[in-house]
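So the structure is just underneath, and the comments pick up after that.
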Amino acid sequence: MVPHCLQVQTNLTELTTVLSWFNDWFCAQAQPQLSRQILIQCQTLLAEGFTNAVRHAHRDQAPQTPIELTVSLLEQQIELCIWDMGPEFDLEQRLQNNPHLPKADATGGRGIQLITRLADDYSYRRIGSRNCLQITKSTVAAPL
C-alpha cells in the first residue's frame, strides 16, 4: 500500500493538523475494520513522536524546518513514520540510561516510554540526512 504523507513545520501548534490528517486517513482507510482502541493508541503514538521531533530533534532548528509524516495500513499493522532533520540520536542508549517513567510532577520525559509501551515495534535510525522514527502497531486484537 502507498503511504499517506503529510509535511508540517516545526511547531507544536501543527499537532492539531497532524492528528486531523491521521483521523481523516483512519476513517477513510482503516476505521471499518479497526477498533477505537487502536485509533486512540495510534493517535497517542503519533502525538508523542511528533512532539518529540519538535521539542528535541528540532530544538535548534528554524521553525520552517519540515517534519514529514507517513502512515500505511499493512496486512495486520499500521506503520507510522516521523522524519526529522535533527542530529543523530541513539534511542536504545537513551532507554538503557533512563528505563523508568519520570516523577509524577515532571513536565516531560514520558514520550519515549509511552511509545515503548504502546507500540508493537519501533526504531529510530538515521537515513541519509534525516532520522526516521518508525512505529508499528498491530491491528490484530491480542488474545484475552
Response to the item:
Pairing a residue in the range 63-83 that is over 21 Å from Gln37 (Cβ atoms) and touching a residue at least 40 places away in the same chain (Cβ under 8 Å) with any residue that is assigned to a loop (DSSP other than H, G, I, E, B) and of a type in the set (A, V, I, L, M), where Cβ atoms lie under 7 Å and the two sit 6 or more apart in sequence or on different chains, gives Thr65/Met85
Discussion item. Out of the residues in the range 22-35 meeting the condition of being of a type outside the set (S, T, N, Q) and under 18 Å from the mean Cα position of the chain (by Cα), tell me which one is modelled with the highest pLDDT.
Written reply: Phe22
Practice prompt. Could you identify the single residue in Pro66, Pro87 that is over 16 Å from the mean Cα position of the chain (by Cα) and at pLDDT 90 or above?
Written response: Pro87
Practice prompt. Specify the residue that is surrounded by the most Cβ atoms within 10 Å (Cβ to Cβ); the eligible residues are those in the range 1-25 that are hydroxyl-bearing (Ser, Thr, Tyr) and farther than 18 Å from Ile38 by Cα.
Written response: Thr10
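Is it the case that some residue within the range 70-79 is over 14 Å from Ser138 (Cα atoms) and outside any helix (DSSP H, G or I)? Talk me through it step by step, then tell me what you get.
Just the residues of the range 70-79 that are over 14 Å from Ser138 (Cα atoms), to begin with: 70.
Filter once more, so that each one left must be outside any helix (DSSP H, G or I): 70.
Yes, that holds for at least one residue.
Scan Ala141, Ala104, Ala119 and give me the residue that is farther than 14 Å from Phe50 by Cα and at pLDDT 95 or above.
Of Ala141, Ala104, Ala119, the one residue that is farther than 14 Å from Phe50 by Cα and at pLDDT 95 or above is Ala119.
Looking at Ala62, Ala53, Ala28, can you tell me which residue is aliphatic (A, V, I, L, M) and part of a loop (DSSP other than H, G, I, E, B)?
Numbers: Ala53 fails: part of a loop (DSSP other than H, G, I, E, B); Ala28 fails: part of a loop (DSSP other than H, G, I, E, B).
Going through Ala62, Ala53, Ala28 in turn, just one is aliphatic (A, V, I, L, M) and part of a loop (DSSP other than H, G, I, E, B): Ala62.
The values are calculated or read from the model by the stated rules, or taken from the named source; none is laboratory data. A quick note: this is a predicted structure, and the numbers were derived from the prediction, not measured. Positions of Cβ are generated from backbone atoms using ideal geometry, with glycine treated the same way; all protein chains shown enter the neighbour counts.
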